[in-house]
Amino acid sequence: MEAKQFEKISRALSDAHRIEILQAFKNRKECLPCTEVHDFIDLAQPSISHHLKQLVDADLLLPEKEGRNIRYRLNEQVLDNYIRFIQSFKTNL
């Protein structure tokens, strides 16, 4: 993982609302529409859209267009790479 990608993901994960959004995706196998995100986070729709865009820009969520709506799913591969990158900082004792 490149340092720029690591930084972008770290910035996206630095917000509590974005962490809440990712937690909602954690146990879901199917995509989650933006309207359902509003059901579990008490934010205005423009704020939710902003947070989803930050997560998409960091490649943590993958958008899928469905008609006029967009559904999102967790990008587990990017999360796994991010975790491996962080674990590479640990020293073996």
So in the range 16-25, with the set limited to residues that are more than 15 Å from Gln77 (Cβ to Cβ) and within 11 Å of the chain's Cα centre (by Cα), which one is surrounded by the most Cβ atoms within 10 Å (Cβ to Cβ)?
Ile21
Subset of the range 1-15 [surrounded by fewer than 17 Cβ atoms within 10 Å (Cβ to Cβ) and in contact with an Asp or Glu (Cβ under 8 Å, 6 or more places away or on another chain)]
Gln5, Lys8
Asp59 being surrounded by 10 or more Cβ atoms within 10 Å (Cβ to Cβ), in contact with a helix residue (DSSP H, G or I) (Cβ under 7 Å, 6 or more places away or on another chain) and of a type in the set (Asp, Glu):
yes
For the subset of the range 26-38 comprising residues that are without any contact (Cβ under 8 Å) to a residue 40 or more places away in the chain and in contact with a helix residue (DSSP H, G or I) (Cβ under 9 Å, 6 or more places away or on another chain), which member is surrounded by the most Cβ atoms within 10 Å (Cβ to Cβ)?
Val37
How many of the residues making up the range 62-82 are farther than 17 Å from Gln23 by Cα and either under 12 Å from the mean Cα position of the chain (by Cα) or surrounded by fewer than 15 Cβ atoms within 10 Å (Cβ to Cβ) (or both)?
6
Close pairs (9 angstrom Cβ cut-off, 6 or more residues apart or separate chains): more than 19 Å from Lys8 (Cα to Cα) and touching a residue at least 12 places away in the same chain (Cβ under 8 Å) in the range 40-54, part of a helix (DSSP H, G or I) and hydroxyl-bearing (Ser, Thr, Tyr) anywhere
Ile41/Ser47
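Rule-based calculations on the coordinates, nothing more; no lab input. Computed from a predicted model, the values in this text were never measured in an experiment. Please note: Cβ atoms are built from the backbone with ideal geometry, for glycine as well, and neighbour counts cover all protein chains shown.
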